[in-house]
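**Q** Below is a structure I'd like to ask you about.
Just so it is clear, none of the values below were taken in a lab; they were calculated from the coordinates. From a predicted model like this one, the values you see are computed outputs, not experimental measurements. Every residue, glycine as well, gets a Cβ built from its backbone with ideal geometry; the counts of neighbours run over all protein chains shown.
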Amino acid sequence: MDKIWVIMRKEWSEVFKNRFVLFTVAFLPLILVALPLIMLYFTGSSGGDLSGLSGTDMPTRFAELCGGMTESECGQYFLVSQFMLLFMLMPLAIPVTIASYSIVGEKTTHTLEPVLATPVTTLELLAGKALAAAVPGVTVTWIGFVIFEVGAHLIATSPVVLARLTEPLWLLAIFLIGPLLAIASVSVAVMVSSRAHDPRVAEQLSMLVILPLLAVFFGQIAGLFLINEKLIMWMAVALVIIDAGLFAFAIQLFQRETILTRWK
Amino acid sequence: MIQTENLTKRFGDILAVDDLTLELEAGEVFGFLGPNGAGKTTTIRMLTALISPTSGGATVLGWKIGQEDGQIRRRVGILTESPGLYEGLSAERNLAFFARLYEVEDIAQQVERYLRMLGLWDRRAESAGTFSKGMRQKLAIARALLHEPQALFLDEPTSALDPEAAHMVREFIASLKHEGRTIFLCTHNLDEADRLCDRIAVFNTRLLALDTPTALRRQLYERTMVFHLRQVDPRFVERVRSLPFVRTVRSMDDKLLVAVDDPEDNNPTIVRSLVEAGAEIQFVGELRRSLEDIYLKLIKDNEEVGSGNGDRSSG
């Protein structure tokens, strides 16, 4: 555990000296916090006249979640609900930049061989690198969510909508699914990073990890399914299994000899 | 201390290391010479438990490679071909990071010790990226020593350094020899190997020669004595040539070059013969073959044998 922490601290010391990486870590949360707040502000100040949404644009299944709400409140909640998935996108996308560079980057700067010559195990090395990428992603997501909640309380006019934003569905999505998605994301990125020969290729390939979540996002908008507490719990169970499998697979794919002798 | 037995490494069809059998003593500085692609780095990587052999085996400090790799990594130090430093981190943080991975007990003390020893203490807070090549190499050497390894593997420690930095690094390696560490030194610098190494292996995929520098000279070249005379006369040449232990004699300027068996015993007889023939001897010395001569001869012979056999090998 000590060595994992040592690797994490070293990664952070290096990574956060890079302004571009800092920008990528900070930019996405800023946008994804600002957008729903702006939407809440405008839908709240327009007198809540969103009744048109419930009849035509809003998936009929979403109405299941609108118990006790007026039509316009339901419309407002529907719009803001789409951002729950974007909050889940943050811990998935933000760590990719850091994690995808983690192995291939060290190889290109010739720092990997001295590290591999130490008694550090593959598990410690990959766990250190994966957590060094996942923790900032999860942290900024949580900070972003807290800012969103505070902002929503200051902006939103409907106490019913406000109450929904702190329901277990949202809290589970942000505080349980978020970290699990981050672990899946960094596991894939570290895996790609230990097989790719170029940091840019590693980042591009690793970004593909967000596709399943985007499918869920568009699926909900299209009304194919509804994200409720039950689905979130099933997602959590599935992600625990997927995370364990992905990380074990990442360790298997990390071939010291291949990395040292075949990469140029 | 370090033993290899028929150590072999293949990368697909490419034979990188062929049937290497060696034994290094504790406290020995062992030179490992060979051309680019000879398999030197591959050998170091196998002995430092970074990659595994295709066949054969080795024990390093009593631990078997491929079976007890963690133990080996804990106890050996390696200076890789490229310094491989974290350029955004300070010299001190670079060392502290590796000290933690090596489970060094008193990290601050060890980091300070080696930064001072290598003259980097005053620049400890500066990023490694701002260092000159020589300073980077010194920092990488410090990193290899932090955990006080009993065996140290140095892969081209002075390559790409300017003469002054190379001299400093060489002096430092010489000082390590006095600490009793076993040093496995891969180098292209034959003069460096000659000065630092107790024994030298000339290697080109397979072991071509292994001995002390002096013994290698003797094995490959007959010993040649140089007699500096006030004036050379053909009579002197004939007189010396008639001696039974003399192999060849040739004159050059005011010198006689005499290839002779066992010069320690036979030189007095040669000197006496020359004086009796009327020669005035100014001084006597031995023609010393450079390690470069030996190296080039071995590599050339090997290439001729290799091309004759149609070998396909690389490192």
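**Q** Could you work out the helix-only [θ] at 222 nm for chain A, with each DSSP H run of four or more residues adding -39,500 (n - 2.57) and the total divided by the number of residues, to the nearest 500 deg cm²/dmol?
**A** -24500 deg cm²/dmol
**Q** Let me ask another. Could you line up A:Leu226, A:Leu171 from fewest to most neighbouring Cβ atoms inside 10 Å?
**A** Ascending Cβ contact count within 10 Å gives the list A:Leu171, A:Leu226.
**Q** Of the beta bridges DSSP finds with both residues in the stretch B:2-217, what % are antiparallel, to the nearest 5?
**A** If I count the DSSP bridges inside the stretch B:2-217, around 55 percent turn out antiparallel.
**Q** Ok, one more. Extending each Cα 7 Å along its Cβ direction at A:Leu208 and B:Asn267, get the distance between those two points in nm, one decimal.
**A** Using points 7 Å along Cα→Cβ, the separation is 7.4 nm.
**Q** Using each residue's phi in the stretch B:187-196, evaluate 6.51 cos²θ - 1.76 cosθ + 1.60 at θ = phi - 60° and report the 3J(HN,Hα) Karplus result to the nearest Hz, with x for Gly and Pro.
**A** Listing the rounded values in order: 8, 9, 8, 6, 5, 4, 4, 4, 7, 9 Hz.
**Q** Put +1 on the Cβ of each Lys and Arg and -1 on the Cβ of each Asp and Glu in the protein assembly as shown; which of B:Val237, A:Thr111, A:Ile227 then has its Cα farthest toward the positive end of the dipole?
**A** Farthest towards the positive end: B:Val237.
**Q** Follow-up question, since we're still on this one. Which one of A:Gly178, B:Ser127, B:Ala160 has its Cα pushed farthest toward the positive end of the charge dipole of the protein assembly as shown, where Lys and Arg give +1 and Asp and Glu give -1 at the Cβ?
**A** B:Ala160
**Q** Next question, about the same structure. Evaluate peptide B:87-95: per residue, the Cβ atoms of other protein chains within 10 Å of its Cβ; return the mean as an integer.
**A** For peptide B:87-95, the averaged partner shielding equals 3.
**Q** Moving on to the next point. Return the subset of A:Lys129/A:Lys230; A:Lys107/B:Lys177; A:Lys17/B:Lys133; A:Lys107/B:Lys40 for which the Cα-Cα distance in this structure is over 27 Å, preserving the input order.
**A** As for pairs spanning more than 27 Å Cα to Cα, those are A:Lys129/A:Lys230; A:Lys107/B:Lys177.
**Q** Test of understanding: what is the full-extension gain from A:Phe23 to A:Thr122, defined as 0.36 nm times their sequence separation minus their Cα-Cα distance?
**A** Result: 32.7 nm gained on full extension.
**Q** Can you sort B:Leu33, A:Leu214, B:Leu139, A:Leu162 so the residue with the fewest Cβ neighbours within 10 Å comes first?
**A** A:Leu214, A:Leu162, B:Leu139, B:Leu33
**Q** With a cut-off of 8 Å between alpha carbons and a minimum separation of six or more residues, what is the relative contact order of chain B in percent?
**A** Value for chain B: 21 percent.
**Q** Sticking with this one: Of the residues B:Gly27, B:Gly88, B:Gly134, which exhibits the maximal mean-square fluctuation in a Gaussian network model of chain B defined by a 10 Å Cα contact cut-off?
**A** Highest fluctuation among the options: B:Gly88.
**Q** From other protein chains only, count the Cβ atoms within 10 Å of every residue's Cβ in B:50-57, then give the mean.
**A** Partner-chain Cβ atoms within 10 Å, mean over residues of B:50-57: 2.
**Q** Please report, ordered by residue number, every helix of chain A (full DSSP H runs) that is 27 Å or longer along its axis going by C-alpha atoms and whose mean Kyte-Doolittle hydropathy reaches 0.0.
**A** For chain A, where a helix must reach 27 Å along its axis and average at least 0.0, the hits are A:19-45, A:71-108, A:122-155, A:229-253.
**Q** On to the next question. What size of dipole, in debye to the nearest 20, comes out for the protein assembly as shown about its Cα centre when the only charges are +1 on Lys and Arg C-beta atoms and -1 on Asp and Glu C-beta atoms?
**A** In total the dipole reaches around 220 debye.
**Q** Rg to Rh ratio, the stretch A:2-262, alpha-carbon atoms and Kirkwood radius?
**A** Reported Rg/Rh (Cα atoms, Kirkwood Rh): 1.05.
**Q** Also, I was wondering about something else. 222 nm [θ] for chain B, helices only, -39500 (n - 2.57) per DSSP H run of 4+, per residue, to 500?
**A** -11500 deg cm²/dmol
**Q** From the phi of every residue in the stretch B:282-292, what ³J(HN,Hα) in whole Hz does the Karplus formula 6.51 cos²θ - 1.76 cosθ + 1.60 yield, where θ is phi - 60° and glycine or proline is x?
**A** These are the phi-based 3J(HN,Hα) values: 8, 6, 10, x, 10, 6, 9, 6, 6, 5, 4 Hz.
**Q** How big is the dipole moment of chain B about its Cα centre under a simple scheme where the beta carbon of each Lys and Arg is +1, that of each Asp and Glu is -1, and everything else is neutral? Debye, nearest 20, please.
**A** With Lys and Arg at +1 and Asp and Glu at -1, about 300 debye.
**Q** On a C-alpha basis, how far is the centre of the stretch A:101-140 from the centre of the stretch B:1-69 in Å? Whole number, if you could?
**A** When both Cα centres are located, 27 Å separates them.
**Q** Moving on. How many percent of DSSP beta bridges within the protein assembly as shown run antiparallel, rounded to 5?
**A** 65
**Q** When a footprinting reagent is the concern and you count Cβ atoms within 10 Å, what order do B:Ser55, B:Ser82, A:Ser100 take, fewest first?
**A** Arranged by neighbour count, lowest to highest, B:Ser55, B:Ser82, A:Ser100 become B:Ser55, B:Ser82, A:Ser100.
**Q** Report, in debye and to the nearest 20, how large the dipole of the stretch B:222-287 comes out about its Cα centre when Lys and Arg carry +1 and Asp and Glu carry -1 on their Cβ.
**A** Magnitude of the dipole: close to 200 debye.
**Q** Could I ask something else about it? Mind pulling the angle between the C-alpha long axis of helix B:263-276 and the longest principal axis of chain B? Nearest 10 degrees, somewhere in 0 to 90.
**A** That works out to roughly 30 degrees.
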